[in-house]
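> After the C-alpha cells below, expect a handful of questions from me.
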Amino acid sequence: MLKGLYTAYTGMINEQHRMDTLTNNLANADTVGFKKEGSTSQSFGDLLALKIKDESVGKKLAQPIGYNNPGVKIGENYTDFSQGSFRVTGNTYDLALDGDGFFTIEFTNKAGETSTMYTRAGQFTLNREGYLVTEDGDYVLDTQNRRIQLDTLTDSRIERDGTIYQNGTAVARIQVTDFEDYNYLEKYAETYYRPVEGAVVTQADATVNSGYLEMANMQVVSEMVNLIAITRAYESNQKIIQTYDSSLEISVSQLGRLQ
C-alpha cells in the first residue's frame, strides 16, 4: 500500500532538484558568458518482488509475484554550451567569442593557489599595472601562457584573431582554447570551467569580437514556463502524499473499531 507514498516522495525530491537548477539559471539571466544548466531524471531499476515462506507453494520456495518500480531518482546535470546573444558595449576590452572556444584565465583561489580556468565571459579591463584581467582580477593569458600587460596610456585595437595592437604594433595575442569533448569540463563558480582527466585540447575556431559581450544563453520566458510545469508536478506529488496520509489515518483510527 505504501509503495505509492515513496514513489510520490521521490518525485517531489526530483522536482525540487529541477527547480533548484532552473532558478539558478534565472538568477544568472544577466550574467555575462553564463551557460544554462539542465537536469535529467532516471527511474529506479525494476525490482522483482518475491513471495517467500508461503505454505501453499512450499516454505523453501520463492514465488515471483511481479516487478515493482519505486519511482524516480535524480539523474545528471548538464550544461548547454550553445552560444548566447551579443550585446554591443563599444568598450575595447569587452570581448565576445563567435564560435567554439574559451578565453584562458590564470585563476587564483583564496589560498593563493593558481590554476588555469576557461570562460566565455569576456568582460575584461586593465588593472593599475596594465594587466588585462577579469572582473574578479584574474589574469587573461596570451598564446604563450603569459599575463598580458599593456600601456594604460595608449589606445588598443583588438583584431578578430585576438591580436592586440598598440601604436600599430602587435603586443600580445589572446589565447582562445577549445576542447574535443565538453563533457570533460567541470563547472567552477558561475562562468569558469576547468578540464578534468580525459579532456583533450583542440584548435579553437572562434573569432574575438571587441566591443561586444556574450550574454547568458537562456530565454527567461521559456524558463518561467518550465518553472510553472515543475511547480505543478511538485504539487501533484504532494497531493498524492496527502491522500495516502488520509487513507492511513482512516485505517488506523476507524477500520477494525469495535462497536
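> Let me know the longest stretch in the chain that avoids all GluC sites (Glu not before Pro) found in a DSSP loop with at most 15 other C-beta atoms within 10 Å.
Numbers: sites that count: 55, 113, 129, 135, 159, 180, 197.
In the chain, the maximal stretch lacking such sites is 198-259.
> For residue 227 and residue 77 in the same chain, what is the full-extension length gain: residue separation times 0.36 nm, less their Cα-Cα distance, in nm? Intermediate values should be presented prior to the final figure.
Working: separation 150, 0.36 × 150 = 54.00 nm, distance 1.65 nm.
Full extension of this stretch gives 52.3 nm more.
> Over the range 86-214, what is the relative contact order in percent, taking alpha-carbon pairs closer than 8 angstrom and at least six residues apart? Working shown, then result.
Details: 299 pairs, mean separation 45.5, N = 129.
Reported as a whole number, the value is 35 percent.
> Let me ask you something else. With all pairs of different alpha carbon atoms counted, what Kirkwood hydrodynamic radius in Å does the chain show?
Values: mean 1/r = 0.0444 Å⁻¹.
So the Kirkwood estimate lands at 22.5 Å.
> Using the Cβ atoms and a cut-off under 12 Å, what net charge is assigned to the surroundings of residue 198, where Lys and Arg are +1 and Asp and Glu are -1?
Numbers: positive: none; negative: 180, 181, 186, 197.
Within the 12 Å Cβ shell, the charges total -4.
> For Cα pairs less than 8 Å apart in space and 6+ apart in sequence, what is the mean separation divided by the residue count of the range 138-246, i.e. the relative contact order in percent?
Working: 108 pairs, mean separation 20.5, N = 109.
Averaging sequence separation for qualifying contacts and normalising by length gives 19 percent for the range 138-246.
> Under a point-charge model restricted to the Cβ atoms of Lys and Arg (+1) and Asp and Glu (-1), what is the dipole moment magnitude of the chain relative to its Cα centre, in debye to the nearest 20?
With only Lys, Arg, Asp and Glu charged at Cβ, the dipole is about 1280 debye.
> Compute the FRET efficiency between residue 245 and residue 149 as 1/(1 + (r/R0)^6), taking r as their Cβ-Cβ distance and R0 = 45 Å, and round to the nearest 0.05. Intermediate results must be reported in sequence, preceding the final value.
Details: r = 67 Å, r/R0 = 1.48.
Result of the calculation: an efficiency of 0.10.
> Could you give the length gained by full extension between residue 194 and residue 86, i.e. 0.36 nm per residue of separation minus their alpha carbon distance, to one decimal place?
Separation in residues times 0.36 nm, less the Cα-Cα distance, equals 36.5 nm.
> Before anything else, pin down the relative contact order of the chain: Cα pairs under 8 Å, at least 6 apart, normalised by residue count, whole percent.
Relative contact order, the chain: 25 percent.
> To continue, here is another question. Enter the angle in degrees (range 0 to 90, nearest 10) between the Cα long axis of helix 220-253 and the first principal axis of the Cα atoms of the chain, meaning the one along which they spread out most.
Approximately 20 degrees, to the nearest 10.
Taken together, the values in this text are just the output of simple stated rules run on the coordinates, not laboratory data. This structure is a prediction, so every number in the text was calculated from the model and none was measured. Neighbour counts run over all protein chains shown; Cβ positions are idealised from the backbone, glycine included.
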